């Protein structure tokens, strides 16, 4: 028997006929006495879990299944099969994607249209359920960023593995000390600055409600009307003489108050992944941690691959891909982060001089990944972005002028923000 869920993955168990009869009595059945494939973990179902206690005397392992069911979210749908699902990747992915869609749960693997990527990588996903990564007891904690342990440093703050400002309410890092948590605030603020206008444009709430943009040239006000009120100030644009050429005319607006250093954006993305990756891999990432926690910059970094999404994520999702073989042709780690309607795909760079997988060999890595992305994610178009710059800049927002039918040139023209911003160069 196999059970596939959104929140806890796959469970399998082989039961004797006698035990199986008692076991299936907890599920909803059709007129023939066969359990339905699609089940619901509602209050009635969970009340029947006490039946498993009698089975546990003959089959102690059933307690694991009982715990598995108890941990399902209330009213969560799951799939029940009277056969053991094969361990091949394609079967597991197929059923997992199906139940995620039924539960309307966002999932990293739903963005994996081809299963070949898992021939090279093991995938660890975060963001679809509440998770605390690291040691539970404070007195046992060691900060994965500075290496100091309790009581040399304190662990009193609730450290969000991904910035709370991005909507994260589910994933936390226990092994991040208060001092490092404070220091990362600068990096995380710069990442937020790089996409702040999107949170305002799409009316995504922050700690203090709907967010507004107040810049020298652009203002987005979400307090005065149901729809965001967009206004431009101190901008001079030379419009074409012919009104037919004005429709669709583009110009750029700077937001100098929302500055960021591109290389700090890369550092921040890596910080998110380092907060969640299993501690056994941290020894391979010491140079990466040193780079992320210092004020030093590298001359060149691998690309970050970015794309627009058709769906919106109110809470971020992140998938960490860890290479499952020794071939150094592919990066040891890469990461996919989904924020709002943007995906960032990036390599966790290594900086050892003698490492063939080092970011200093970024040219070959960029070429390999660019080719592999077409194989792993067919039909998905990514844009290569170079975040190596160490100079402050602000994101230029592209504005498109739309002329209502029958308007004259001297009439007010309503500009709208262009959402294809990721295609533009930083």
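Just so it is clear, none of the values below were taken in a lab; they were calculated from the coordinates. In this text the structure is predicted, and so the values were computed from the model without any measurement. Cβ sites come from the backbone with ideal geometry, for glycine too, and all protein chains shown count toward neighbours.
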Relative exposure of 160, 325, judged by other C-beta atoms within 10 Å (fewest first): 325, 160
Ranked 270, 146, 64, criterion: other C-beta atoms within 10 Å, fewest first: 64, 146, 270
Sorted by Cβ density within 10 Å, fewest first, the residues 275, 327, 194, 116: 327, 116, 194, 275
Alpha carbon convex hull of segment 144-197, projected area averaged over orientations, nm²: 3.7 nm²
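Cβ neighbours within 10 Å, averaged per peptide: list 312-321, 208-217 in order, most packed at the top.
Sorting 312-321, 208-217 by mean packing, highest first, produces 312-321, 208-217.
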Segment 121-275: proportion of alpha-carbon pairs further apart than 23 angstrom, %: 53 percent
Segment 150-185 and segment 286-351: distance between their alpha carbon centers, rounded to Å: 20 Å
Per residue convex hull volume, Cα atoms of segment 236-333, in Å³: 226 Å³
Inter-part distance where segment 54-79 and segment 245-263 are each reduced to a Cα centre, Å: 54 Å
Inter-label distance, nm, simple model (7 Å from Cα along the C-beta direction), residue 50/residue 244: 8.0 nm
